[in-house]
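The structure under discussion appears below in the form of structure tokens.
Derivation of every value follows stated rules applied to the coordinates shown; laboratory data play no part. Computed from a predicted model, the values in this text were never measured in an experiment. Backbone-built Cβ (ideal geometry, glycine too); neighbour counts: all protein chains shown.
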Amino acid sequence: MIKVGLTGGIGSGKSTVAKMFQELGVPVFIADEEAKKIQKTKSVLEQMTAVFGQGILSENDDLDRKKLAEIVFNDDKALKTLNSIIHPEVHKAFMKWISKQNSEYIIYEAAIIFEKKRQDDFDFTILVTAPKQLRIQRVVARDSSNPNSVQSRISNQWSDAKKAKLADFVIENLDLKQTQQRVRELHEDISKLSDNSI
């Protein structure tokens, strides 16, 4: 089974591209969604409160993601600590998930594959890109975010040019019809590669 890593910066549209692959019948593991589920589990919540304090909990003793984000957003050390708690659990969930799949190839969608030097975990990587202004517009429309804060988040991420040098395939996500066509082409190409590897 071929493993494909799908990535892209905030507002690039990688989730949209992931859905397009799902519509073609490709199993997709969305790391961010899994991380959100894991953060709600009792054992992980206990680890996080031991490190970050009870202040990250809501009145119902659930995780308040906004409060946690405020702590880790501008603190690299805190973010690394959080990742050291969450990432191994996400990896365990992925290994369990992949063992149940029966497909020519699967997709693992995550925001920071290259930044974490994880490209070698996959047979191929796909990078979704879009111009910076369009990415800002998308995130502002989606989350009612402040454009300056979106700009700041983009500046903290690797540039598309840097990531494109490491990616096997690039999808420039400007026009949905063109993106869909590119996804179909890649689906055919990867399926053929899978046939050859059998």
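Every helix of 4 or more DSSP H residues in the chain counts as -39500 (n - 2.57), and over all residues that averages to -17000 deg cm²/dmol at 222 nm. Roughly how many whole Å is it from the C-alpha centroid of the range 160-189 to that of the range 12-79? After rounding, the separation between the Cα centres reads 26 Å. With the largest listed first and rounded to whole Å, the semi-axes of the equivalent ellipsoid of the range 32-100 from the Cα gyration tensor are 22, 14, 10.
When you work out D = kT/(6 pi eta Rh) for the range 47-162 at 20 °C and 1.002 mPa s, using the Kirkwood radius from C-alpha pairs as Rh and the Stokes-Einstein form, the result is 126 µm²/s.
Ordering Val128, Val72, Val26, Val51 by the number of other Cβ atoms within 10 Å of each residue's own Cβ, fewest first, gives Val51, Val72, Val26, Val128.
Fewest-first ordering of Lys19, Lys80 by other beta carbons within 10 Å of each residue's beta carbon gives Lys80, Lys19. Packing, taken as the mean count of other beta carbons within 10 Å per residue, orders the peptides 152-164, 101-113 from highest to lowest as 101-113, 152-164.
Evaluated at q = 0.18, 0.19 Å⁻¹, a Debye calculation over the C-alpha positions of the chain (equal weights, vacuum) places log10 I(q)/I(0) at -1.35, -1.43. Rounded to two decimals, the Cα radius of gyration of the range 98-198 over 2.2 N^0.38 Å is 1.24. Summarising the strand pairing of the chain, around 5 percent of its internal DSSP beta bridges are antiparallel.
Relative to the longest principal axis of the Cα atoms of the chain, helix 42-52 runs at roughly 60 degrees. Taking each of Lys67/Lys165; Lys40/Lys132; Lys66/Lys100; Lys42/Lys66; Lys37/Lys116; Lys37/Lys100 in turn, the alpha-carbon distance tops 30 angstrom for Lys67/Lys165; Lys40/Lys132; Lys66/Lys100.
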